[in-house]
Amino acid sequence: MKRLFILAVLFTSTVFGQKYELGKVTIEELQEKAFAKDTSAVAAILFKKGDVRFEYSQNNGFYLTTNVKIKIKIYKNEGYQYANFEIPFFEGNNARQTINIKEANTYNLVKSNIEKTKLNSSGEFQNKLNKFWSVKKITMPNVKEGSIIELEYDIRDEGIGSIDKWTFQSSIPTVYSEYITHIPEYYTYNTHFKGIPAKITKSTRSAALLLKNQNVNYLINQTNYKLVDIPPIKDEAYVNNIKNYTSSVIHELSMIQFPNTMTKTFTTDWETVVKNIYDSDSFGSELNKTGYFEKDIDALISGTNNMIEKATLIFNHVKSTMNWNEFYGYGCDVGVRKAYQDKVGNSAEINLMLTAMLRYAGIDANPILISTRGNGISFSPSRTAFNFVISGIELENQVILLDATNKYALPNILPIRDLNWLGRIIRKSGSSNMIDLMPKNNSIDVVNLMASINTEGEISGKIREQYFDYNAFIFRNSHNGVTKDSYIEKLEKKYSGIEITEYDVQNSNDLSKPIVESYSFTNNNVAEIIGDKMYISPMLFFTTTENPFKQETREYPVDFVYPHQDKYNISLTIPDGYAIETLPQPAAMAMPDGLGKFSYNISKNNNQVQLLYSLDINQAIISPEYYEALKNFYKEMVNKQTEKIVLKKV
């Protein structure tokens, strides 16, 4: 054991002692056929380095520059994707960023010689993502199995509010990752680290700058973060956003203190964060504007004194009137008045407008700051933790959640992007509280199926399926606006072997009712005939054949998005000339603490088989401590669903 420890220390010292620089590609590296510590790896990051410095301009003061160097080995064809890079950068009015590609080369071994291919103009371009963000795209040249690629670029950032997040971990192994920040003593940043802990070292050095023709001495605080032998992050089934758990570090400005000037404080705690947001011109003041909508709202709610009816009328009015431009953010861009006039706005304009209208009608409504699923979970106080705003009506024992950016949303039926753990409600008084965004009630899906089996094993019948709550919301979002033929084609592809006729769907646009989908079908892919016997899964093409939870252990919560109940009522008529030899046994199973259950009840009556099956997942997010129970639960469920009815010729 002692010998192993000494070897580990020696290895770590060797790794940290190495110099990781570009242009040092060797024949031995190019000859490597597989990554030694994980031969299944399609590629590996040999090193990744980031260096953040504050430069000084006489005209504009301090600004940020970040230098990034990365070296990657490609082992297999599937690793070619890691030779493509996308670097997002901000192009808003304030704190603009620019990207400068300094080096981009691909190295290959050709007849025992190292061949270097430089990036040309055709491999570098950029796309506009939205009003504020663009992305620089790099496609490395001449990439093959065995290639090594190197990339170096600088990011110049005119702002100093947030230092870009540094990610140590990737979906492929990383041998070495280092991140260094050089921060002048005038700036204090809150540091948020997640994932595998890094080795951190700190030091201080002196520096000077020329300010108004005078030399000013100051200190620079340097912090080095180092990680070695970083395993790939594994994206598992039912993970909210794998970036929530990827090893990374975030810096957020909390204080500026120059000599002989007032101290400016920024992010310190949640109350400070929300106060700064609420007090901004693009947020709080927009809530106080009412003149642009008063006549419309007066006419809309004149016929009722019921608060719920008023809220429903206003919510539907905003949804039907406004169109979301798909820009995220909690701050208004053009302002609520112009957005209402143009009938187009970003998330803040639409939902702050909704909140103001509800307040005008005498309803206790307040904005709720959230971080969308794509933005990640807001673990710690930070202005950048939020990227969206919705509205909430506060009643005695609950908060009704509203998001008018989606035409199919309902009270407490939010777009899926919003369902991301917790938000923060901000009241007029300035107080704020965390709000649970996750649904509590099960969304139901009910399938009624009646079918007959012929002597060739072909099944034909009718299906009527009802979608409630989130199931209905997802159906409308996915299928409204899609042609019937296109949707039927997708459904037939989903259930291999099925042919659909007489398709019909009801209540596509009546949000007060569940979606009702019905169709006739034939299927020749669910029965197996061996000799004089026929084998059929009672759940036919609805059978779950694979356990989605395969890993031995689980580090992340299991995110089902919303609680749900799936119910199946299936009636099968067996073919003439056959008798039921065996049926699966009825079964039931429950998870600990009421997290989930399934029941499987099957019976026969003359030439018919009746199956009543239900699955309940009663909590949207299930802690990793229940993973073993959940894995076994799904194992038993899959085993039961894949059991066969056995029919025998008579």
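Every read-out reported here was derived from the displayed coordinates using simple, explicitly stated rules and does not represent laboratory data. This is a predicted model, so every value here is computed, not measured. In this analysis, Cβ positions are derived from the backbone assuming ideal geometry, glycine residues included, and neighbour counts consider all displayed protein chains.
Points to keep in mind about this one:
- Separation of alpha-carbon centers, region 604-650 and region 60-98, rounded to whole Å: 47 Å
- Counting only Cα atoms, region 431-523 measures 70, 25, 22 Å along its principal axes, largest extent leading.
- Antiparallel %, DSSP beta bridges [both residues in the chain], to 5: 90 percent
- The angle separating the long axis of helix 307-321 from the principal Cα axis of greatest extent in the chain is about 70 degrees.
- Stokes-Einstein diffusion for region 2-263, with the hydrodynamic radius set to the Kirkwood value over Cα pairs and evaluated at 20 °C in a medium of 1.002 mPa s, equals 105 µm²/s.
- Sum of side-chain charges, residue 227 neighbourhood, beta-carbon under 12 Å (Lys, Arg +1; Asp, Glu -1): +2
- Of all lysines in the structure, those lying under 20 Å Cα to Cα from residue 343, and not within fewer than 8 positions of it along the same chain, are 131, 289, 295, 319, 407.
- The alpha-carbon of residue 128 sits under 17 angstrom from the alpha-carbons of these aspartates and glutamates, leaving out residues fewer than 8 places away in its chain: 86, 91, 326.
- Between the alpha-carbon centres of region 348-384 and region 17-51 there is a gap of 45 Å.
- Radius of gyration, Dmax [region 270-436; alpha carbons; angstrom]: 14.6, 45
- Residue-span extension gain [residue 133 to residue 422] - 0.36 nm each, minus C-alpha spacing: 101.5 nm
- Cross-link partners of residue 338 among aspartates and glutamates, defined as those whose alpha carbon lies under 12 angstrom from its own and excluding same-chain residues fewer than eight positions apart: 286, 349.
- Extension gain for residue 344-residue 268 works out to 23.9 nm (0.36 nm per residue, less the C-alpha to C-alpha distance).
- Between residue 495 and residue 118, the modelled labels are 6.0 nm apart [label points 7 Å from Cα along Cα→Cβ].
- Cβ-based net charge around residue 412, under 14 Å, with every Lys or Arg adding one and every Asp or Glu removing one: -4
- Working from label points 7 Å from Cα in the Cα-to-Cβ sense, the residue 302 to residue 571 distance is 5.4 nm.
- Stretched out straight at 0.36 nm per residue, the stretch from residue 632 to residue 512 would grow longer than its current Cα-Cα span by 39.4 nm.
- The simple spin-label model puts a point 7 Å past each Cα toward its Cβ; for residue 364 and residue 31 those points are separated by 7.6 nm.
- Whole-Å distance, taken between Cα centres, linking region 523-537 and region 459-478: 27 Å
- Around residue 325: net Lys/Arg minus Asp/Glu count, Cβ-Cβ under 10 Å: -3
- Shape call, the chain: gyration tensor on alpha carbons, a/c limit 1.5: oblate
- Packing rank of 255-264, 402-411, where each peptide gets the mean count of other beta carbons within 10 Å, highest leading: 402-411, 255-264
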